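Peer 1: There's a structure below that I have some questions on.
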Amino acid sequence: MIYPNKQALIAKVISPTDTVLDVGFLGQGKTPSDPDWLHRAIKAKTKDVYGLDVQAYQTTQPQDAGHYFVQSAESFSLPITFDVIFAGDLIEHLSSPGLFLDASKAHLKQHGRLILTTPNAFNLFNLIEKLTKDEPTVNSDHTCYFNKKTIKTLLQKCGWTVVAFDTIYSLELSHKESWKKRFLNIVYKALSRHTDKYIETLVVTAVPAQDLINERPV
């Protein structure tokens, strides 16, 4: 499935009864005052929402203070388990993504799921830039690229099973873009009607492999 944006993803994959942990919720390119802050969309979908980040969050609602934790995504330890752990554009920033996957597995309820988003290494814009540059433009804090094969392998090595791959279109058109970028936007839109291979963002839904083993009939 191709989601138009992350808000549409949240609306589809999170239910009002889910207890959700949003990992890296302060590092998604938006501030809490921004109406498009993704953590707000999660809170609007379900009331039982927690946030974890290496930065402190100054909540204006004292009753929510216990729902926010200042810890590393690679070593967090919380007194609660979750139906959903969501990590939006986080895993490509980590120095040890396997440790994050291990910590997440320890904090899921039975039948819980991990939902990751991460840039698609082979999106159209990266491929075009690779033709004209030594390397595509990338966030200076990123430590790695992922495609479907590499992130599936990482998850499998850490005891997870991928149950779905989706994508997020996520293109924001701007009149400030160059004519070359505007032309690529048109090509990108046309391609997205026929294939998701070149879409900007991957969505990965995974569950602990042991959960699936336990569900198999004896």
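The values are calculated or read from the model by the stated rules, or taken from the named source; none is laboratory data. Here the structure is a predicted model, which means the values were calculated and not measured. Backbone-built Cβ (ideal geometry, glycine too); neighbour counts: all protein chains shown.
Peer 1: Out of Phe82, Phe100, report the one residue that is at pLDDT 95 or above and either in contact with a helix residue (DSSP H, G or I) (Cβ under 6 Å, 6 or more places away or on another chain) or closer than 22 Å to Tyr145 by Cα (or both).
Peer 2: Exactly one of Phe82, Phe100 is at pLDDT 95 or above and either in contact with a helix residue (DSSP H, G or I) (Cβ under 6 Å, 6 or more places away or on another chain) or closer than 22 Å to Tyr145 by Cα (or both), namely Phe100.
Peer 1: Quick check on the stretch 62-78. Is at least one of its residues among the acidic types (Asp, Glu), surrounded by fewer than 20 Cβ atoms within 10 Å (Cβ to Cβ) and modelled with pLDDT under 95?
Peer 2: Step one: filter the stretch 62-78 for residues among the acidic types (Asp, Glu), giving 64, 74.
Among the residues that remain, those that are also surrounded by fewer than 20 Cβ atoms within 10 Å (Cβ to Cβ) are: 64, 74.
Then drop every residue that is not modelled with pLDDT under 95, which leaves 64.
Yes, the stretch 62-78 contains a residue that is among the acidic types (Asp, Glu), surrounded by fewer than 20 Cβ atoms within 10 Å (Cβ to Cβ) and modelled with pLDDT under 95.
Peer 1: So, of the residues in the stretch 114-169 that are crowded, with 17+ Cβ neighbours inside 10 Å, closer than 17 Å to Glu200 by Cα and β-branched (Val, Ile, Thr), which turns out to be farthest from the chain's Cα centre (by Cα)?
Peer 2: Filtering first and then ranking leaves Ile128.
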